[in-house]
1. On average, how many beta carbons from a partner chain sit within 10 Å of the beta carbon of a residue in B:113-123?
2. List, in order, the whole-Hz ³J(HN,Hα) value for each residue of segment A:100-106 obtained from phi through the Karplus relation with A = 6.51, B = -1.76, C = 1.60 and θ = phi - 60°; use x for Gly and Pro.
3. About its Cα centre, how strong a charge dipole does segment A:252-400 have in debye, to the nearest 20, once Lys and Arg get +1 and Asp and Glu get -1 at the Cβ?
4. In Å³ and rounded to a whole number, note down the convex hull volume per residue for the Cα atoms of chain B.
5. What value in Å³ per residue do you get for the convex hull of the alpha-carbon atoms in segment A:159-203?
6. Taking each pair of distinct Cα atoms in segment A:15-127 once, what is the resulting Kirkwood hydrodynamic radius in Å?
7. Peptides B:185-195, A:56-66, A:386-396: what's the order by average Cβ count within 10 Å, highest mean first?
8. Could you run the Karplus curve 6.51 cos²θ - 1.76 cosθ + 1.60 with θ = phi - 60° over segment A:204-219 and give me ³J(HN,Hα) per residue in whole Hz, x for Gly and Pro?
Amino acid sequence: MNIHEYQAKKILSDYGILIPKGGVAYTPNEAKKIASASSSKGPWILKSQIQSGFRNNGYFLEKGAGKQGGIRKVKSRKDIVHQAKQMLGSTLVTEQTGPKGRLVGKIYVESYMQVKNIFYMALIIDSITANIKLLVAEIKDEDIVKMALSNSRKILKIDLSINQGPTEEQIYKIINFLKLDGKSLKSMETFVTGLHKIFVDYDATMIELSPVGIMKNGNLVVLDAKMSFDDNALYRHKSLQKLQDDNELEERELQAFKYGFKYSEFDGNIGCIVNGDGIALAAMDALGRKNVGTACFLNVKGGVDKDKIAAGIKIIMTNPKVEGILINVLGGFLRCNLIAEGIINATSEVGLNVPLVVRFEGTNKEEAQEILERSKLPIIIADNMENSVDMLLQAIEEGE
Amino acid sequence: MSVFVNKKTKVLCQGITGTQATFHIRRSIDYGTQVLAGVSPGKAGMVHLGVPVFNTVKEAKQETGVNASIMYVPSIAVKAAVREAVEAELDLAVSIADGVPIKDMMEIKSMLRGSKTKFIGPNTPGIITPNEARLGIFPENIHKKGKIGVVSRSSTLTYEAVIEINKANKGQSTVIGLGDDMVIGMDFIEVIDAFHKDKNTNAIVLIGQLGGSFEEKAAEYYQSLPNKKPIIAFVAGEAVPFDHKMGYAGELISNGYVSVSDKKRIMQKSGMIVVDNINDINEILVNM
């Protein structure tokens, strides 16, 4: 699960880490109030609160939103209302949102902070060592991606265990790497210790601060923050559950999520229902080889309730981009007959107006195939992944 | 004979009285697995599926000599279950649970360091040696005894690999699912090593997946082996477009994005036979 910048900053602040003064606004008036409440005379930064990087270089779809990007610097209080009006309710497109962009329902109004220098810091899980990895990099403008791809020596990587925060030696290493002087030592120690504690306390999978500012007095202040948390650990974090933003998920994704299925949408025209990430990927590969794209896939792994499965199948069938459906299930724990019954239920409710190819293997395979044959629905049964794709594409062509 | 489990392995089931466990242990027993004990806190003294139930792993081991555990415990209870298995010094523990928190897995890895217990999983169908032992949820009827070892990160693609081997009129020595969670117990290297030491395994089918760097590490290890057994590998996820996740950290940690094509290239260079299409595996096996 991801959270917004303003929510991440609140958590950082709770752990004693400096952030600029700011507040979240849902209306232009609220934006004005936040700026008025602060003693600062400006400038302010207005930041679209959508979960995406590259907001600065993004653009709004609506003409009325003006030419500036998703992060705007504003010099006077009067301008705040004007800019906020343009941003709120408009759709921001960035490199990460895809062409449809995302609706900006709230903005973060923050006091602009003058800093001497900036750097990048992140915590991530290293799957090979099963430890936390701390990444530090000097950045000038924000092209950290290019920098990372070209020269790895410019990135400091430090191993942290879950049981212990950073050692004195590790803090020194960071200070030296960033060429900071002794003024920043205490601040860096509090900073990294605090980040480590947040990571462990909240079951985080990623904390990324890009950038962190170094003030004249040597103190560190977080200018932007992104945080992601382990979905499998949300059950033990009621406070995080409350932060979930349903607007970040598509309507169908939301429905699938409520049933406990994994569902993702893409730009192609084939709907896939599979059990397992590996099969999902292999199905996408098989389609890719025939230059065909997935419209969506639904992962029903582990889902044993046939009503749930029917609901999941309906979600795929109601996706307007879908021109053909591929169901590829290798039942181990999952019984194939439940999928077959789910298909019958789903089609009786929403009909079947696109070609459907099914391939079963494993637990209760014959029973499942019999159920489909008895239904007399125009369902094609295939015997392996590659054939199922060929048969589906042929059926789609014949249908046209 | 196999690696890690066979008909002589004395198996314990943690969580034996649950519905999932009952459904699958019955099948495993019918399959020939030597299930000698069950653990279900508070239910010591009862007999379930013909097997005595104990309160703790230590008691079960003391009374019956079990040395491997298959766990059907909920994802949030896996950490505690593994701790019991490690403290009782079992040789092997297997968890099929989907949804184990990553931090719990990191703590489990810490527990396993320096212990004699090996851990397979989580989020895997488990391990099966055809006609001898089934620890997990494999659809056992599709498996055939033979000399091809299978190791896979994807649960359900594992069955696809098994079917390919059958199509080539060959069979499996042992099939191991590693699971595709971010942090896993046993990895490819340990399994490749075990298959190489097993005189009943002649070749290996390896299924990898987008994400992590387990395949690259496996390639590095394989390259260093003096007497290689053939490995046929398939890596799922090539068609997935480069996904800019929120933020940049994922790219930086691996010095740029490692795509499936990169993985395949590295694996090919190490000497593995890498196929583009999982359905090509049977032909390669036939010609071997």
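1. Details: counts 1, 0, 0, 0, 0, 0, 0, 0, 0, 1, 5.
Taking all residues of B:113-123 together, the mean is 1.
2. Once θ is set to phi - 60°, the couplings for segment A:100-106 become 6, x, 9, 5, 8, x, 8 Hz.
3. Numbers: 15 positive and 21 negative charges, 95 e Å.
Once rounded to the nearest 20, the dipole reads 460 debye.
4. On the way: hull volume 36.8 nm³, N = 288.
For chain B, the hull spanned by Cα atoms encloses 128 Å³ per residue.
5. Details: hull volume 3.0 nm³, N = 45.
Per residue, the Cα convex hull of segment A:159-203 comes to 66 Å³.
6. On the way: mean 1/r = 0.0673 Å⁻¹.
After inverting the pairwise mean of 1/r, the radius is 14.9 Å.
7. Values: B:185-195: 20.9, A:56-66: 15.0, A:386-396: 18.8.
Going from most to least packed, we get B:185-195, A:386-396, A:56-66.
8. With coefficients 6.51, -1.76 and 1.60, one gets 6, 10, 7, 10, 10, 10, 9, x, 9, x, 10, 7, 4, 7, x, 6 Hz.
The values are calculated or read from the model by the stated rules, or taken from the named source; none is laboratory data. The structure displayed is predicted, hence computed values, not measured ones. Please note: Cβ atoms are built from the backbone with ideal geometry, for glycine as well, and neighbour counts cover all protein chains shown. Each accessible area value is taken on the protein alone, full model and side chains, heavy atoms only, with ligands, DNA and RNA left out. Shrake-Rupley method; radii C 1.70, N 1.55, O 1.52, S 1.80 Å.
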